[in-house]
Amino acid sequence: MKKLKSLKDIDAKAEIAKLKNENCAEDDVFFQAMEEVLLSILPLFKSDEVFQENRKNSVIRRLITPDRVIKFKVVWIDDNHDVQVNTGYRVQFNNALGPYKGGLRFHPSVNEGILKFLGFEQILKNALTGLPLGGGKGGADFDPKGKSDFEIMKFCNAFMKELYKHIGPRIDVPAGDIGVGGREIGYLFGEYKRMTSAFEGVLTGKPAFFGGSLMRPEATGYGVVYFTRKMLELEGKESLEGKICTVSGAGNVALHAIEKLQHLGAIPVTCTDSKGTIYDARGVDLDLLKELKLNQRVSLETYIKSHPEAQYIPVSEYPEGGHAVWNIPCYAAFPCATQNELTAVDANNLIKNGCESVTEGANMPSTTEAVHIMLKSDMCLAPAKAANAGGVAVSGFEMSQNAAMIKWSFEEVDARLLETMNDICENVASTAKEYGVAGNYVDGANIAGFKRVADAMLAEGV
Ligand code: NDP
Ligand code: 2IT
């Protein structure tokens with residue numbers, strides 16, 4: 001029996017080291033995501049047989065290398081008739097389980113490294129849903145902030161003029177992510193249709209009146225809360241009812257996590273955007289938030305005009321190395337904005353203030369150090385690839401509805417989402433137990449997701 005003690009026992013370690021030297025800082029987040037997974041899956045290789053089979057088939061090396069990275073120029077004309085140039089990407093990472101599937105991110109920080117990290121996480125997340133979905137991610141370094149509707153449409157049209165060559169309902173099905181919601185998906189879908197004449201389920205997150213699934217906008221945030229409720233139950237902790245919760249972000253995921261927390265009788269008291277944090281001790285005013293963020297698209301600072309008793313903390317006043325939102329006492333915390341937004345300082349503050357549970361709504365919101373600190377504590381930690389899988393699960397349901405030319409009711413989608421999140425949570429918890437790391441949902445999710453993809457890769461040959 002061969003016992004593996006560290007990453008160096010896996011052949012891919014050398015490959016990762018080589019990649020690390022050859023690449024630039026852009027890839028840091030990709031390596032962060034990859035190393036966490038490779039360390040987590042060590043217990044899987046406890047038997048020589050499994051280890052040898054994986055090594056012979058280079059499963060890990062094949063898994064960490066995207067099938068292809070498509071990079072393209074996006075040229076469009078702004079409202080001043082000036083020509084603008086951006087870079088677009090689609091990382092088609094792995095299609096062992098189904099068509100490449102994953103969102104598009106429009107944000108000035110987007111680069112190949114960020115999309116490889118997101119695409120890699122997406123492979124395992126999609127595997128956890130139990131649906132036939134592969135993993136991919138895409139986007140552009142385009143900044144939607146301050147752009148007119150017309151400019152957003154021009155950009156989406158130009159982006160799709162290249163992307164349409166690479167996608168299809170059985171090939172690759174993009175959706176939304178940061179900076180891409182129903183409006184953008186609508187414009188992208190329209191352009192795809194004009195280029196191909198095909199009205200088909202090539203994108204998910206479409207508005208519900210032309211092919212979108214009911215509940216797709218709510219799915220990620222609701223799923224995050226369903227997962228947390230199940231995890232707290234399995235771990236014998238108190239329910240969310242009546243509990244103070246902190247949430248970061250003020251976009252699609254955060255707003256719907258806040259909404260579902262309120263449905264369950266919890267009291268979410270915070271939200272954040274890239275400029276600052278709102279702390280409203282009586283509970284955040286969700287209708288106002290939706291108006292400010294979904295309709296007016298303005299900064300959170302505006303919130304205190306209607307609620308002067310709430311507190312606005314600008315980024316310049318955040319604690320050193322940390323974020324104001326994670327220094328507010330809570331029972332459960334929900335990072336729902338972006339990657340690495342919860343640091344070691346934040347993790348220590350949460351623990352010090354008695355936080356019992358952290359659920360990652362955003363993709364990889366916790367730094368590696370923060371994850372280690374939280375795993376060593378008594379709190380529950382729900383990793384993104386399990387906890388935020390509700391979004392892509394309902395995207396999978398949208399693909400099914402499109403393929404069958406049918407439409408499910410809100411209640412039907414919600415019931416399926418709830419069942420999916422409960423199943424993922426139970427699978428992750430039981431996998432962790434089976435591999436000797438009971439209560440460690442990070443390892444449980446990585447092992448369960450990896451196993452499903454690796455089995456498919458082995459069965460499909462080379
Ligand atoms: P949105 O664009 O709707 O909202 C993003 C929110 O996060 C905004 O409040 C934004 O503030 C804030 N934010 C973005 N970047 C930063 C940053 N660098 N620093 C501080 N705040 C930032 O995106 P989503 O809600 O869709 O996505 C949020 C997270 O959830 C991402 O990690 C995404 O990958 C993940 N996710 C999304 C899913 C979905 O279905 N949409 C599914 C699963 C995961 P501002 O407006 O000021 O930029
Ligand atoms: O990170 C994610 O899971 C998403 N942005 C949603 C992906 C999808 O295809 O619905």
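Just so it is clear, none of the values below were taken in a lab; they were calculated from the coordinates. Here the structure is a predicted model, which means the values were calculated and not measured. Quick reminder, even Gly has a Cβ in these numbers, built from the backbone with ideal geometry, and neighbours come from all protein chains shown.
So if each residue of separation counts as 0.36 nm, and I subtract the Cα-Cα distance between Thr87 and Glu291, what length gain in nm does that give? Don't skip to the end; give the middle numbers.
On the way: separation 204, 0.36 × 204 = 73.44 nm, distance 3.12 nm.
Length gained between Thr87 and Glu291: 70.3 nm.
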message: Suppose a student asked you for the relative contact order of the stretch 24-167, using Cα pairs under 8 Å spaced at least 6 residues apart; what percent would you report?
response: 27 percent
statement: For the stretch 301-313, Karplus-derived ³J(HN,Hα) couplings (6.51, -1.76, 1.60; θ = phi - 60°; whole Hz; x for glycine and proline) come out as 3, 4, 4, 6, 5, 8, 10, x, 7, 7, 10, 10, 10
- request: With just the Cα atoms of the chain, tell me how far they stretch along each of the three principal axes, in Å, largest first.
  value: 65, 54, 45
statement: Fewest-first ordering of Thr277, Thr338 by Cβ atoms within 10 Å yields Thr338, Thr277
- prompt: Got a sec? How would Glu320, Glu419, Glu36 order by Cβ neighbour count within 10 Å, fewest to most?
  reply: Glu320, Glu419, Glu36
message: Highest mean first, how do 287-295, 121-129, 99-107 rank when packing is the count of other Cβ atoms within 10 Å averaged over residues?
response: 121-129, 99-107, 287-295
field: Charge-dipole axis of the chain as Lys and Arg at +1 and Asp and Glu at -1 on Cβ define it, positive-most pick from Phe120, Gln339, Phe209
entry: Phe120
- request: Could you give the spread of the C-alpha atoms of the stretch 322-371 along their three principal axes, from largest to smallest, in whole angstroms?
  value: 24, 17, 17
- prompt: Which value at 222 nm does the chain reach when only helices count, each DSSP H run of 4 or more adding -39,500 (n - 2.57), with the total divided by all residues and rounded to the nearest 500 deg cm²/dmol?
  reply: -14000 deg cm²/dmol
Expected-Rg normalisation [2.2 N^0.38 Å, Cα atoms] applied to the stretch 155-268: 1.34
- prompt: On alpha-carbon atoms, Rg over Rh for the stretch 40-80 using Kirkwood Rh?
  reply: 1.47
- request: Express in whole angstrom the spacing between the alpha-carbon centres of the stretch 385-403 and the stretch 149-190.
  value: 18 Å
task: Could you list Phe199, Phe93 in order of exposure, starting from the residue whose Cβ has the fewest other Cβ atoms within 10 Å?
output: Phe199, Phe93
message: Antiparallel versus total DSSP beta bridges in the chain: what percent is that, nearest 5?
response: 55 percent
statement: P(r) over all Cα-Cα pairs of the stretch 311-435, 10 Å bins from 0 to the longest distance, whole percent per bin, short to long, reads 12, 36, 28, 17, 7, 0
query: Expressed as a fraction of 2.2 N^0.38 Å, the rule-of-thumb size for a compact globular protein of N residues, what is the C-alpha radius of gyration of the stretch 393-433?
result: 1.42
- line: The ratio Rg/Rh over the Cα atoms of the stretch 73-164, Rh being the Kirkwood inverse mean 1/r radius, stands at 1.06
